[in-house]
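Below is one structure, written out as structure tokens; the observations come after it.
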Amino acid sequence: MAQAHAAVGMALIGGAILFTLAAAVAVALGGGSWIEGVRVALTTALGIQVTLGVASFLNEARPAGSLHLLYGVLALVTLPFASFFAGEAPPGARAKVLTAGGLVTTGLMWRLAVTG
């Protein structure tokens, strides 16, 4: 279980980078409703990753640092919070907020990999 958690985590770093790039493209295009679907997909994948992490934790595969648990929760809620925060913004501004959320999520995912 811990190996799957680590492998999915590395793939999700790439997913967070791709999301951030896609959101930046949406900014350049003046926004677009399609970026919300990409956000939902990434958030769902992060939810699966958190589930794998909880299963690993329950099977005695503890992270090296306790901050890993905090970063995991923050990575899971950052994009939904950004989406909620920009809920009534025009598409271009919404895409900017989601780009910022993607950058924060990417940073958190990187930190998660480092805290292992």
Practice prompt. Treat the count of other C-beta atoms within 10 Å as a stand-in for reagent exposure and order Trp110, Trp34 from fewest to most.
Written response: Trp34, Trp110
Worksheet item: To the nearest 10 degrees, how steep is helix 67-85 against the longest Cα principal axis of the chain, on a 0 to 90 scale?
Response: 20
Worksheet item: So, with +1 on the Cβ of K and R and -1 on the Cβ of D and E, and no other charges, what is the size of the charge dipole of the chain about its Cα centre, to the nearest 20 debye?
Response: 140
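Expressed in nm to one decimal, what extension gain is obtained for the pair Leu29 and Ala93 from 0.36 nm per residue of sequence separation less their Cα-Cα distance?
Values: separation 64, 0.36 × 64 = 23.04 nm, distance 1.14 nm.
Between Leu29 and Ala93, full extension yields 21.9 nm more.
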Practice prompt. Determine ³J(HN,Hα), in whole Hz, for all residues of region 50-57 in sequence, where each value follows from phi through the Karplus function 6.51 cos²θ - 1.76 cosθ + 1.60 and θ = phi - 60°; x replaces Gly and Pro.
Written response: 4, 4, 4, x, 5, 4, 5, 4
Worksheet item: region 9-95: D in µm²/s via Stokes-Einstein (Kirkwood Rh, Cα pairs, 4 °C, 1.567 mPa s)?
Response: 92
Worksheet item: How large is ³J(HN,Hα) for each residue in region 17-26, as worked out from phi by the Karplus curve 6.51 cos²θ - 1.76 cosθ + 1.60 (θ = phi - 60°), to whole Hz, x for Gly and Pro?
Response: 5, 5, 4, 4, 5, 5, 5, 5, 5, 4
Response to the item:
Phi angles of region 89-105, converted by Karplus (6.51 cos²θ - 1.76 cosθ + 1.60, θ = phi - 60°) into ³J(HN,Hα) in whole Hz with x for Gly and Pro, give 6, x, x, x, 5, 4, 5, 5, 5, 5, 5, 4, x, x, 5, 5, 4
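Every number in this text was worked out from the coordinates using simple rules, so none of it is lab data. Here the structure is a predicted model, which means the values were calculated and not measured. Using ideal geometry, Cβ is built from the backbone for each residue, glycine included, and neighbour counts are taken over all protein chains shown.
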